[in-house]
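Take a look at the structure below.
Quick note: the coordinates plus some simple rules give every number you see, no bench work behind them. Everything quoted here is computed from the prediction, not taken from an experiment. Using ideal geometry, Cβ is built from the backbone for each residue, glycine included, and neighbour counts are taken over all protein chains shown.
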Amino acid sequence: MPVDAPRFTEIVKRERSRLGRFILRQVRDTAEAEDILQDVLLEFYVTADAIEQAGAWLFRVAKNRIIDRARKKKEEPLPAADDGDGRSWLEDNLPDPAAGPDAAYARSVLLGSIQAALQTLPPAQRDVFVAHEIEGLSFADMAARWRVPPNTLLARKRYAVLALRARLHAEYGDLIV
C-alpha cells in the first residue's frame, strides 16, 4: 500500500525536532543520534499507514533503537536531561496535546498518574522534582533559596526520578521512557 504522503509529512514536521532531541539526550553523539533518527523515520515511512498513534510509535521505536545500539556497545543509554532549550524531560516525554484528542487524553492520564506517584515520594524529593521539572528552577536557584548544597539536590532529584520511573513502569510498562 503506498504511503499517505501528506500525513507522513505532517507527522514528521510535528515530531522530528522533539524526537531528535530525545534521541540526542539518550546517546550524546550527534552523528549516532542522526543515524537513529533516520532509521526510525525510514521505518515510519514504510509502515506509516498502519500506525494510528504516530507520535507514541515514533518514540517507542526510537527508544528500542537506542537500547539495541547500547546493547551492541555493551553500555547503558544515558538518562534524559534538560538539553538547554528550556524544555524539561517531562515536557519532552509527554504526548503533545496539539497532536489531537487521543494525545491530549493520554497526556491527561499520564499527568494524573505522575501526580499520584509524586504524592508517594518523600517531601524533600518531591519538592526538588517539582521545582526543577515543573517550575523550571535551576539547581543553583534551589540551592540558594533552600540553603542546601546543589549535589544534595541533584541526589534528591535522582532518587525521585528513579522512584517515579519504577512506579510508572509498574503501571504502564515500557510505554514510559
Average the reciprocal distances over every distinct pair of alpha-carbons in region 93-177, invert the result, and give the Kirkwood radius in Å. 13.8
Under 5 Å between amide H atoms, partner at least 5 residues away or on a different chain: which partners does L137 have, H built in plane at 1.01 Å? H132
Potential lengthening between E32 and T152 on full extension [0.36 nm per residue; Cα-Cα distance subtracted]: 39.9 nm
Got a sec to turn the phi values of region 114-125 into Karplus ³J(HN,Hα) couplings, 6.51 cos²θ - 1.76 cosθ + 1.60 with θ = phi - 60°, whole Hz, x for Gly and Pro? 5, 4, 5, 5, 4, 5, 8, 6, x, x, 5, 5
log10 I(q)/I(0) for region 1-80, Debye formula on C-alpha points only (no solvent), q = 0.16, 0.17, 0.19, 0.21 Å⁻¹, two decimals, reads -0.57, -0.63, -0.76, -0.90
Rough spin-label spacing in nm, given labels placed 7 Å along Cα→Cβ, for A5 and T120: 4.9
